[in-house]
1. Is there a quick way to get the dipole size of the chain? I mean about its Cα centre, with the Cβ of Lys and Arg at +1 and of Asp and Glu at -1; what is the value in debye to the nearest 20?
2. Against the 2.2 N^0.38 Å scaling, with N counting residues, where does the chain land? I'd like the Cα-based Rg ratio to two decimal places.
3. Just report the Cα centroid separation between the stretch 1-62 and the stretch 104-124, whole Å.
4. For the pair R240 and T105, how long in nm is the line joining their label points, each one 7 Å along Cα→Cβ?
5. If you count, for each residue, the other Cβ atoms within 10 Å and average over each peptide, how do 136-145, 32-41, 59-68 line up from highest to lowest?
6. Take S166 and H188, extend 7 Å from each Cα along the Cα→Cβ direction, and tell me the distance between the two endpoints in nm.
7. If pairing requires two Cys Cβ atoms under 4.7 Å apart, which cysteines of the chain are left without a partner?
8. Test of understanding: what is the full-extension gain from A82 to L97, defined as 0.36 nm times their sequence separation minus their Cα-Cα distance?
Amino acid sequence: TADIIDGKAFAATVRARVAARVAELGDNEMVPGLAVILVGDDPASQVYVRNKRKQTIEAGMRSEEVRLGADTSESELLQHIARLNADPTIHGILVQLPLPPQIDTLRVLDAVDPAKDVDGFHVTNVGRLATGQAAMVPCTPLGCLMLLKDRLGSLAGREAVVVGRSNIVGKPMAQLLLRENCTVTVAHSRTRDLAEVCRRAEILVAAVGQPRLVKGDWIRPGATVIDVGINRIEEDGKSRLVGDVDFASAIEVAGAITPVPGGVGPMTIACLLANTLTAYCRLHDVPELAGAA
Ligand code: NAD
């Protein structure tokens with residue numbers, strides 16, 4: 001049976017490294033500052049924002065929270081972003097998604113100063129990643145990559161299959177794996193014979209949003225499986241979180257697999273803190289934490 005990749009423990013070590021580096025910056029009068037903007041009252045978003053704030057403070061950084069009503073206009077939101085772009089005590093700006101329907105998400109994401117774009121969603125950072133330049137890299141795929149490199153060392157030449165092509169996870173994941181010299185296949189909802197495509201993968205990343213879509217017999221024996229999915233389902237009268245991979249059958253075939261919860265999820269916030277530190281270091285021209293981005 002597969003080894004279970006402990007993302008929770010690995011995330012704790014990433015956070016500790018970030019906190020240690022922040023403490024070293026100590027004699028600078030300014031610590032890294034992260035601003036999180038939350039528009040509306042989506043319950044899942046509230047939980048994420050609370051956790052981000054808590055872990056930001058625990059890492060010794062400054063946390064600023066901007067909470068806006070669900071009826072906030074796009075121009076009002078853009079004004080907050082402009083203010084934070086100009087604020088020298090803020091090094092990272094994150095707009096929590098999803099945004100309410102009256103707001104154009106892409107326009108808002110592209111209003112964030114690319115140097116402070118710790119989510120890596122600005123078109124400039126997307127382009128930089130795609131062209132091999134220093135970029136801010138989206139947190140969830142960055143966390144997946146850290147787990148893969150920790151497990152496998154060099155990824156060069158390996159067959160990687162990414163299921164899902166969202167701007168947030170699938171596409172940047174594929175770019176990162178390409179950067180590591182994998183042979184990358186991106187599968188999605190229109191892929192023919194998904195099971196057969198998945199069976200090629202030495203590295204399989206599932207970022208689909210479909211509970212337990214990927215079955216054990218879709219997995220190449222010994223493969224490393226990264227399950228990004230977070231799906232809440234009702235089962236046996238209980239509410240529980242499951243991934244995009246059918247864990248019970250996958251664990252019989254894979255070489256290693258991330259659990260849900262406790263796999264990719266904790267890595268995402270750890271990478272947000274690492275990205276905030278990276279943004280600070282680039283803005284202040286001080287050495288970056290090795291291996292962060
Ligand atoms: P999304 O809905 O934006 O994209 C899903 C992708 O999966 C699409 O590209 C679509 O083509 C593909 N897809 C959908 N159904 C498919 C099918 N039946 N077969 C093949 N491909 C299919 O989702 P997202 O934002 O990329 O998130 C994916 C999952 O990851 C969700 O469960 C989400 O909750 C989770 N997620 C987790 C984290 C984390 O921190 N761990 C972060 C972001 C997203």
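We did not get these values from a lab; they are worked out from the coordinates using the rules stated. This structure is a prediction, so every number in the text was calculated from the model and none was measured. In this analysis, Cβ positions are derived from the backbone assuming ideal geometry, glycine residues included, and neighbour counts consider all displayed protein chains.
1. The calculation lands at about 460 debye.
2. Against the compact-globule rule of thumb, the ratio is 1.00.
3. Centre-to-centre distance over Cα atoms comes out at 20 Å.
4. 2.9 nm
5. Averaged packing, sorted descending, gives the order 136-145, 32-41, 59-68.
6. Once both label points are built, they end up 1.4 nm from each other.
7. C144, C182, C198, C281
8. Using 0.36 nm per residue and subtracting the Cα-Cα distance, I get 3.6 nm.
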